[in-house]
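Below is one structure; the comments refer to it alone.
The values are calculated or read from the model by the stated rules, or taken from the named source; none is laboratory data. All values reported here derive from a predicted model rather than from experimental measurement. Neighbour counts are summed over all protein chains in view; Cβ atoms, including those assigned to glycine, are modelled from backbone coordinates with ideal geometry. Side chains included, ligands, DNA and RNA excluded: accessible areas come from the protein's heavy atoms. Shrake-Rupley method; radii C 1.70, N 1.55, O 1.52, S 1.80 Å.
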Amino acid sequence: GLPKTPPPTLAPRRKTRQIMVGKVAVGGDAPISVQSMTTTPTTDVNATLQQIAELTASGCDIVRVAVPSQDDADRLPIIAKRSQIPVIADIHFQPKYVFQAIDAGCGAVRVNPGNIRKFDDQVGEIARAAKAAGVSIRIGVNAGSLDPRLLEKYGKATPEALVESAVWEASLFEEHDFHDFKISVKHNDPVVMVKAYELLSERGDWPLHLGVTEAGPAFQGTIKSSVAFGALLAKGIGDTIRVSLSAPPVEEIKVGSQILESLNLRPRKLEIVSCPSCGRAQVDVYTLANNVTEGLQHLTVPIRVAVMGCVVNGPGEAREADLGVASGNGKGQIFVKGEVVKTVPESEIVATLIEEANRIAAEMDPS
Ligand code: SF4
């Protein structure tokens, strides 16, 4: 067959240098990775590994674990060893855990310069240890814990303040000839956050980790992260993303993956094209769309399924999709690759679509 042209994106990726977080490349031409963070106590190794397994199954590329105490730091080797995806140790306050995390086999260590006193004096030692172990670093600047010197200078966590902190820390690592780091400048306000990353991206070719910090519960956090990441990704900015939600971490992965899929930055999998319904609908579109989505969640092949309430746009959309239904009069016309294959009563629409989708999926991926 003809070579497939990749689907269009909004902008070429900005050129960043590439680093490795364990086996996952970040930056350069590496696919944009999706991260999350475990919510289990890191000391509870089994629960943490269980959550990491769930995250891995949902498409998480890199996972971060909190290291608030010595007991947590002591568990890092076993967690790093048993995790199927690279583990990043998240360290605040205690530089000695940074060295422990480097020795533990973590893929990377996140350091928050604003929260480590006398951090600057220790950069050389951290850089040497990380380099020797092949471990990368994330310089994670956060509005809530901005370096006190910059807070004083700027009065609050402005984009300029966040960037100045990040660039300063980056220069310290670079002075020690250490370049295997990525940077984040997170803020809870998408506008400040977007401006900060735009500024930062002009200052160097560091790979950037995007995040709206403390974005809120699922609904608000999803929207804040989506608009902020969208604004940046539309300019080619961003090499790895973490959606922060006050919700189970698997939800963060679903949202992050969906953001990338929406912008063609990751191959689309299941895509439901469903109408909002209106006064013309002759079937219950919401229930239909939800049931079809749920019934097809397991599919890993790219498939587009149209669920349409009536005949206005129904047949057109259903024809454009791999599979679809255009409803009317308590019945559904089932389309496969543009052809009506059958007409079924409303009660059989969901089951029919799932059956047809599974058949199409099996043809696409016989394994
Ligand atoms: Fe309304 Fe029909 Fe359009 Fe759905 S497809 S929104 S029911 S006009």
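So here's what we get for this one:
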quantity	calculated
Rounded to whole Hz, the Karplus (6.51, -1.76, 1.60) HN-Hα couplings of region 31-45, x for glycine and proline	x, 5, 8, 10, 10, 8, 9, 6, 10, 6, x, 5, 5, 8, 4
Accessible area, probe 1.4 Å, largest first, for residues SER347, SER184	SER347, SER184
Between helix 249-262 and the chain: long-axis angle, C-alpha atoms, 0 to 90°, nearest 10	70
Region 184-232: relative contact order in percent, alpha carbon pairs under 8 Å with at least 6 residues between	46
Inter-probe distance in nm under a simple model that places probes 7 Å from Cα toward Cβ, at GLN220 and MET364	3.7
Electrostatic dipole magnitude of region 43-90 [Cβ: Lys, Arg +1; Asp, Glu -1; Cα centre; debye, to 20]	160
All lysines inside 22 Å of LYS131 as judged from Cα atoms, apart from same-chain residues fewer than 8 positions distant	LYS23, LYS81, LYS96, LYS118, LYS182
List HIS92, HIS298, ordered by accessible area with a 1.4 Å probe, largest first	HIS298, HIS92
Within a Gaussian network of the chain (alpha carbon springs, distance under 10 Å), most fluctuating of GLY211, GLY144, GLY238	GLY144
Unit charges on C-beta of K, R, D, E only; dipole of region 287-367, Debye	160
C-alpha center-to-center spacing [region 219-292, region 149-216] in angstrom	26
Cα gyration tensor shape for region 290-329, rounded if a/c is under 1.5, else prolate or oblate	oblate
Region 293-367 versus region 52-129: alpha-carbon centroid distance in Å	46
Mean shadow area of region 116-190 over all directions, Cα convex hull, nm²	5.0
Overall dimensions of region 1-145 as given by Cα atoms, namely Rg and Dmax in Å	16.7, 60
R0 of 30 Å, Cβ-Cβ distance ALA234-GLU152: FRET efficiency to nearest 0.05	0.30
Among ILE303, ILE183, ILE88: highest mean-square fluctuation, GNM of the chain, C-alpha pairs under 10 Å	ILE303
Region 246-361 - percent relative contact order, Cα under 8 Å, separation 6 or more	20
Stokes-Einstein translational diffusion, region 182-296 - Kirkwood Rh over all Cα pairs, 0.692 mPa s, 37 °C, in µm²/s	211
In Hz, Karplus ³J(HN,Hα) per residue of region 331-336 (6.51, -1.76, 1.60; θ = phi - 60°; x = Gly, Pro)	10, x, 8, 8, 9, 10
Farthest toward positive dipole pole in the chain [+1 Lys/Arg, -1 Asp/Glu at C-beta], among SER184, ILE360, ILE237	ILE237
Highest-fluctuation residue, GLN94, GLN282, GLN84 considered, GNM on the chain with Cα pairs under 10 Å	GLN282
P(r), alpha carbons of the chain - 20 Å bins starting at zero, rounded %	27, 49, 21, 2
Stokes-Einstein D (µm²/s) once Rh is taken as the Kirkwood radius of region 207-273 over alpha-carbon pairs, at 25 °C in 0.890 mPa s	205
Length-normalised contact order for the chain - Cα pairs under 8 Å, 6+ apart - percent	13
Karplus-derived HN-Hα couplings along region 198-211 (A = 6.51, B = -1.76, C = 1.60, θ = phi - 60°), whole Hz, x at Gly and Pro	4, 4, 4, 5, 7, 8, x, 9, 5, x, 10, 9, 8, x
FRET efficiency for PHE93 and VAL227, using Cβ-Cβ distance with R0 set to 45 Å, rounded to 0.05	0.90
Pairs of Cα atoms farther than 15 Å apart, region 155-207, %	42
0 to 90° range, to nearest 10: angle between helix 285-296 axis and the chain longest Cα axis	70
Calculated [θ] (222 nm, deg cm²/dmol) that DSSP helices of n ≥ 4 give over the chain, each run adding -39,500 (n - 2.57)	-13000 deg cm²/dmol
Label-point gap, in nm, between LYS118 and VAL191 - each point 7 angstrom along Cα→Cβ	4.2
Angle in degrees between helix 159-175 and the longest Cα principal axis of the chain, rounded to the nearest 10	60
